[in-house]
Amino acid sequence: MSSPFAIVWMFAAIVFCLLILANFSFGLLSSMRAYVGGESLWSKAQKDAVLHLQKYAGTREPEELRRFRADIAIPLGDHEARVEMDKPNPDFEKLRQGFIRGGNHPDDVDGMFNLYRRFKRVSFMQRAIRAWDAGDRYIGQLDEAGTLLQREIESPAPSAKNVQSILAEISGINENLTPIETNFVDALGEASRLTYRLLQRIMLAAAPALLMLGTVLSLRILRQRRRTEDRVNYMAFHDDLTSLPNRLMLSRRLDQALSRHRRAGRQLAILFMDLDRFKVINDSLGHETGDVLLRQVADRLRAQSREGDTVARMGGDEFVVLIENHENLTDISTRAQRLVEQLSAPYVLGRKDCHVTVSIGISIFPSDGSDSQALLKAADVAMYRAKDTGRNNYLYYSPSMNVHTVERLQLESDLRHALERNELLLHYQPKVEIATGLITGVEALLRWKHPLRGLVPPMDFIPLAEETGLIVPIGEWVLTTACARTKAWQDHGLPKLDVAVNLSARQFADPLLLPKLTQIIRASGLDPSRLELEITESVVMSRGECAVGVLKSLKSIGVQIAIDDFGTGYSSLAYLKRFPIDILKVDRSFIRDIPANSGDKKITRAIIAMAHSLRLRVVAEGVETADQLKFLRAQRCDAVQGHLLYRPLPEAEVADVLELNRLDRVASMPIYA
């Protein structure tokens, strides 16, 4: 039995059975006692009845006859009860009254009846019943003899001879009843002794079993308590999701390791790592998928750890490796690079691969700190610096990083107030149709005019907004502003044009995206077909089947859907066929080296041909040279964006550009160069 509860149930079952047996046995003994007590009353009443008849014969006093009748009624009452018990369907009330007339206590009647009926065929009960039946016959004869004696004495001429004859008969009956009474008592006495011995043996046999079960139960409970304490202790010091040591266990082991290495004068290293873009995966694929990814990361960390290392999960997507046994910093660098490579290999999430990179910060004892908190803080600072320098790499801590960390925290704090302080603004980059040279649309690009820093580069604050979740309210502001501004341009008689707005991964995963977008479009008055939502292919593909539903719901209100940065991710023809897409935007990385790079030319040519075969429009980003434009025009690309044509323009300059960009003036544009 693996559980003490099973032993408890068995123990309780045995005790319960013993209690039932004891209750039954005590009831049986009590009923036998009632019969023995009833027999005593029966015997005394019979002998008193004989005595009163003999006195009546001598004194002729009616009182003696009355006493005889009172005494003989006791065995006659028991007789009536026995006769009723022999019936298949006895009248219990009549039976009860018979026993009561026999001098038995009313509370004993049920037990006496049950004993008689249940054990009627048992040997001891059969002996008692035979003795009872014989005694009843003699009692009947005694009753008749009393009646004869009364008649003789009360006759006009009583005969002394007849009286003596009746008295002799009465004496004979009395003598015959004595052994019968003895047999009745012996039978019940034997039954009592047998019941007692049986109960005694059962109790004696059960006592060792109960003692053994009690001992085993106690041991099991103690063992279970130890297991529970061990489990509670394990849960207190281990991460529930990955089963790795948690922050508390890491702190304990790190303090112990520092004590050892401080005495030995040796170094130890802390590798603080964080998964890049994990929040995007968590928001787009769901927390369950994120948990699966974290478990796979933990498994890879275990596989790469050595004896003596401590691999811990700090929380979220942060992990720490404590390395004690290393030869030099080169060994640490080698291991850090191996972790970067191993953790960046594809992960299987469901039925598809997912690519996640990792950034690692490294601190060394004693140069970077003398206690656990200082070392962890230094490694954390180095990790964030590794993220800022491109991610998917590792960096050692240096004191100069603290300055950058303080600046980053200040930037995050300022960004949280940028919306309410009206520091955010939009620039618009025109999108030019190659065939006509006309501006057919603009792309809204977010800018931040910091009161002290000036214009903050998008790469400095947009990833920060994504990470902190500020991108959602900021993205809603961009949509609202871009739609309202475009509608205003149209109302002032400028050419009708589309406005493109980028949707972040968090916005795309927002279940309230559709009602929010509908409200924004309705409030602005913009024709929904003039709004173009740009979504990166990595965001769309990471959502799988859910993306199809989201895109279809967006299309249902009339907006256009564009896949941004096409070619940098999955680039699957299958998803292009399944998703309700209108536009493909070729990533600038393929345009940059045209025409020098023949590979980029082939890729771009293939993308344009594939998109046109699916009846999708193609926009090329990052057009910087006339040769690039010439190549794209030859491939019949639909539209282009880039500094060759227009840089992102402030809102105030867009109206002038649109006014100049009329069909009768486009001949001088570089599009025809």
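The values are calculated or read from the model by the stated rules, or taken from the named source; none is laboratory data. Remember, it's a predicted structure, so these values are computed and weren't measured experimentally. Every residue, glycine among them, receives a Cβ derived from its backbone with ideal geometry; neighbour counts consider all protein chains shown. Ligands, DNA and RNA are stripped out before the accessible areas are found, and what is left, the full protein with its side chains, is counted by its heavy atoms. Shrake-Rupley method; radii C 1.70, N 1.55, O 1.52, S 1.80 Å.
Name the residue that is least open to solvent (accessible area, probe 1.4 Å), counting only residues in region 404-447 that are among the basic types (Lys, Arg) and touching a strand residue (DSSP E or B) at 6+ places or on another chain (Cβ under 8 Å).
So, considering only residues that are among the basic types (Lys, Arg) and touching a strand residue (DSSP E or B) at 6+ places or on another chain (Cβ under 8 Å), the one least open to solvent (accessible area, probe 1.4 Å) is Lys431.
In this structure, does Glu318 turn out to be within 21 Å of Arg253 (Cα to Cα), touching a strand residue (DSSP E or B) at 6+ places or on another chain (Cβ under 6 Å) and at pLDDT below 90?
Taking the combined requirement at face value, the residue does not satisfy it.
What's the number of the only condition in (1) aliphatic (A, V, I, L, M); (2) in contact with a Pro (Cβ under 7 Å, 6 or more places away or on another chain); (3) closer than 30 Å to Gln635 by Cα that Val501 fails to meet?
Single failed check for Val501: (2).
Would you be able to say whether some residue in region 267-281 is of a type outside the set (Gly, Ala, Ser) and free of Cβ contacts under 8 Å to residues at least 24 places away in the same chain?
No.
Between a first residue in region 152-169 that is assigned to a helix (DSSP H, G or I) and a second residue that is surrounded by 11 or more Cβ atoms within 10 Å (Cβ to Cβ) and aromatic (Phe, Trp, Tyr), which pairs have beta carbons less than 8 Å apart while being 6 or more apart in sequence or on different chains?
Ile153/Tyr56
Taking region 458-469, which residues are under 24 Å from Glu624 (Cβ atoms), in contact with a strand residue (DSSP E or B) (Cβ under 9 Å, 6 or more places away or on another chain) and not acidic (Asp, Glu)?
Within region 458-469, Pro458, Ile462 meet the criteria.
Among the listed residues Arg592, Arg636, Arg617, identify the single one that is on the phi > 0 side of the Ramachandran plot and of a type outside the set (Gly, Ala, Ser).
Just a single option satisfies the conditions, and that option is Arg636.
Quick check: is even one residue across region 319-327 part of a helix (DSSP H, G or I) and closer than 30 Å to Thr536 by Cα?
no
Please find, within region 489-547, the residue that is least open to solvent (accessible area, probe 1.4 Å) out of those that are more than 21 Å from Glu443 (Cβ to Cβ) and among the hydrophobic types (A, V, I, L, M, F, W, C).
Residue satisfying both the conditions and the ranking: Ala547.
From Ile139, Ile129, Ile166, Ile153, which residue is modelled with pLDDT under 85, β-branched (Val, Ile, Thr), out of contact with any Ser or Thr (no Cβ under 8 Å at 6 or more places or on another chain) and surrounded by 14 or more Cβ atoms within 10 Å (Cβ to Cβ)?
Residue meeting the stated conditions: Ile129.
So Met212 passes all but one of these: (1) over 30 Å from Gln54 (Cβ atoms); (2) open to solvent by 50 Å² or more (accessible area, probe 1.4 Å); (3) at pLDDT 80 or above. Which condition number does it fail?
(3)
Among (1) open to solvent by 30 Å² or more (accessible area, probe 1.4 Å); (2) acidic (Asp, Glu); (3) within 26 Å of Thr330 (Cβ to Cβ), there is one condition Asp274 misses while meeting the rest; what is its number?
(1)
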